[in-house]
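Enquirer: Sharing a structure, written as C-alpha cells. Questions coming.
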Amino acid sequence: MAGHARRVRAVGRAYDLFRRWQRNGTWQRIFTELQTWADAKDLITWDLNVDSTVRPAHQHAAGARKRGTCRRSPL
C-alpha cells in the first residue's frame with residue numbers, strides 16, 4: 001500500500017507543477033519557443049483555410065415573435 005500512496009503523491013505533485021506552469025505562462029513560452037524554432041527551420045507549413053458557408057437561421061433563431069401579431073412601436 002505504501003507504493004500506491006507514493007505514486008498518488010507523485011501524480012499529485014506532477015499535476016500541481018503542471019497547473020503552476022499553466023498559470024504562470026511557462027507552457028505558452030515553451031510552445032512559442034518550439035514553434036519559433038520549427039518555423040525557422042521550415043518544419044511548419046502555415047496553411048490557412050477559410051470556410052464561407054452561409055446557412056439561413058431558423059425563424060425562431062432570428063428573433064421572430066412567438067405569438068400574437070406584430071405591433072408598431074410608438075415613435
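Enquirer: I need the peptides 42-55, 12-25 ranked by packing, meaning the mean over residues of other C-beta atoms within 10 angstrom, with the highest value on top.
Expert: 12-25, 42-55
Enquirer: Net charge near Thr26: determine it from the other residues with C-beta under 15 Å of the C-beta of Thr26, scoring Lys and Arg +1 and Asp and Glu -1.
Expert: Charge balance in the 15 Å sphere: +2.
Enquirer: Please list 3J(HN,Hα) in residue order for the stretch 33-47, calculated via the Karplus relation 6.51 cos²θ - 1.76 cosθ + 1.60 where θ = phi - 60°; whole Hz, with x for glycine and proline.
Expert: So the J values, rounded to whole Hz, are 5, 5, 5, 4, 4, 5, 5, 5, 8, 6, 8, 10, 9, 8, 9.
Enquirer: For Thr32 and Val11 in the same chain, what is the full-extension length gain: residue separation times 0.36 nm, less their Cα-Cα distance, in nm?
Expert: 4.9 nm
All of the numbers you see were taken from the coordinates with simple rules; none came from a lab. Remember, predicted model here, so these are calculated numbers, not experimental data. Every residue, glycine among them, receives a Cβ derived from its backbone with ideal geometry; neighbour counts consider all protein chains shown.
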